[in-house]
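Scroll down for the structure; my scribbles are underneath it.
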C-alpha cells in the first residue's frame, strides 16, 4: 500500500512540474526584460568605447541611416556615426537593401535635419569624426532608429557603453522584431 501511495505522489509531483513548465513556457515573454539585461551584460569583444564628452550642434547633412554631419557652436563640422547600431548600406548590390537604406536615411533626415542635436561622444579616432549616442531633446536617436526598424542593434559596437544605453538598444531591437512579425501576419 505504501509503495502505491508513493508512486501516486511521485506521479502527481511530476505532473505538477510538467504543468508548471508548460505554464512558464506559455508566459515566456514575462522573462524578456531579464533576458535583455543578461544580453546587455555579456557582450562580444569589439571596439571599447567610453563616454568622452558632449558635442552640441545643428545637423547640416545626413549621410546614411546611421551617420550625419553637424556644426557645433564654433562652426566646426563634425561627422557623427551613431554607435551600437548599423543601418542598411546604400552601396549594397541588393535592390531591396538599397531601398531600405534610402528609406532609413530619409527617416533619419526627417528627424534631425536642421535641428539641434546633442551627441555624447564615445569614441574619436581622427579630427572631425566621432562615434556617439545622439539625443534630440530627450529622445535617444540610436534607440529610436532601432525601435523603428530602420537600423539593427550591433552588440559588437556596444562595448563600453553605459549599461542603460546597451539595455535600451537591445530592448528596441526586440520590439522592432515583434512589430515586424505582427505586420507580416
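Rule-based calculations on the coordinates, nothing more; no lab input. Quick caveat, the model's predicted, so the values are computed rather than measured. Cβ: placed from backbone, ideal geometry, glycine included. Neighbour counts: every protein chain shown.
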Here, residue 183 and residue 12, labelled 7 Å along Cα→Cβ, have an inter-label distance in nm of 5.2 nm
How large is the helix-only mean residue ellipticity at 222 nm for the chain, computed as the sum of -39500 (n - 2.57) over DSSP H runs with n ≥ 4, divided by its residue count, in deg cm²/dmol to the nearest 500? -15000 deg cm²/dmol
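May I ask you to order 70-77, 8-15 by the average number of other C-beta atoms within 10 Å around their residues, highest value first? Show your work: numbers first, answer last.
Working: 70-77: 12.1, 8-15: 10.0.
Listed from highest to lowest mean packing, they are 70-77, 8-15.
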C-alpha long axis of helix 163-184 to longest principal axis of the chain, angle in °: 80 degrees
With axes computed from alpha carbons, what is the tilt in degrees of helix 2-26 against the longest principal axis of the chain, rounded to the nearest 10 within 0 to 90? 20 degrees
Quick one: if you stick a label point 7 Å off each Cα along the C-beta vector at residue 97 and residue 3, how many nm between them? 6.7 nm
How high is the relative contact order of region 53-184, in percent, with contacts defined as C-alpha pairs under 8 Å that are six or more residues apart? 26 percent
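Working out 0.36 nm times the residue gap between residue 29 and residue 115, then minus their Cα-Cα distance, what length gain in nm do you get to one decimal?
Values: separation 86, 0.36 × 86 = 30.96 nm, distance 3.74 nm.
27.2 nm is the gain from fully extending residue 29 to residue 115.
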For a paramagnetic label modelled at 7 Å from the Cα of residue 148 toward its Cβ, which residues of region 54-77 fall within the zone defined by backbone nitrogen distances under 12 Å? 65-66
